[in-house]
1. Can you find a residue in the range 133-144 that is closer than 20 Å to residue 47 by Cβ, at pLDDT 70 or above and touching a strand residue (DSSP E or B) at 6+ places or on another chain (Cβ under 8 Å)?
2. Report, by residue number, each residue of the range 156-168 that is under 17 Å from residue 115 (Cα atoms) and at pLDDT below 95.
3. Can you confirm whether the range 190-208 contains a residue that is outside any loop (DSSP other than H, G, I, E, B), within 30 Å of residue 86 (Cβ to Cβ), at pLDDT 90 or above and in contact with a helix residue (DSSP H, G or I) (Cβ under 7 Å, 6 or more places away or on another chain)?
4. Which is exposed (fewer than 15 other Cβ atoms within 10 Å of the Cβ) and at pLDDT below 75, of 215, 184, 180, 240?
5. Can you name every residue in the range 76-89 that is surrounded by 14 or more Cβ atoms within 10 Å (Cβ to Cβ) and either part of a loop (DSSP other than H, G, I, E, B) or touching a residue at least 40 places away in the same chain (Cβ under 8 Å) (or both)?
């Protein structure tokens, strides 16, 4: 009888310990550290509708720990949405969606994103061994963390060939215990860090609003060359080249 009571008590104690471990272990936190140069006092700026020109997102390059990655359509939409919210451009599109008419002023955007990820696998392996040998009793007090940082570069090329370059950095850390680890937590961390970096870029860009006015620069002047070649039947070939005056945009 005493043995049965002891067995029952042991089982109850084991359940309580396991419940405490699971409830205490399911904790997590996310810390995001935006660029130190990020300004929060940027005054709202926009361009009059008559002065706005289209923006074309030409190329997005993404790398992760130095290895090239394929950009996602979600990333394209996030970038275009952030640019559209500035109210600096008449409309936005991707390069593959079509070309503009001749002599139409436009801004061409190039984006480069360099991600750095450190999940601390060696440390996690050691902690996993320690937790395994202690039957998970240490799980609630052992801290795991996943570091993610990104460096963003935005190049905007005006219709006259002038280029403006903006850069931003953001990083963050996800801290969690054994039972709270999940792919959604990592995705949430990356989302917050990327949003902080894009916000920094937009704050920098809006300060140069007047640079993107349609009247800020004329179209690039082009010189038309005409070439005529006389027939060889009439003697030695003669080549004449005439150059017309530069054609100015309206």
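1. No, the range 133-144 contains no residue that is closer than 20 Å to residue 47 by Cβ, at pLDDT 70 or above and touching a strand residue (DSSP E or B) at 6+ places or on another chain (Cβ under 8 Å).
2. Residues satisfying the conditions do not exist here.
3. yes
4. 240
5. Once the filter is applied, which keeps residues that are surrounded by 14 or more Cβ atoms within 10 Å (Cβ to Cβ) and either part of a loop (DSSP other than H, G, I, E, B) or touching a residue at least 40 places away in the same chain (Cβ under 8 Å) (or both), the range 76-89 yields 78, 79, 82, 83, 86, 87, 88, 89.
The values are calculated or read from the model by the stated rules, or taken from the named source; none is laboratory data. It should be emphasised that the depicted structure is a prediction, and the values quoted were computed from it without experimental measurement. Glycine also receives a Cβ, built like all others from the backbone with ideal geometry; neighbour counts cover every protein chain displayed.
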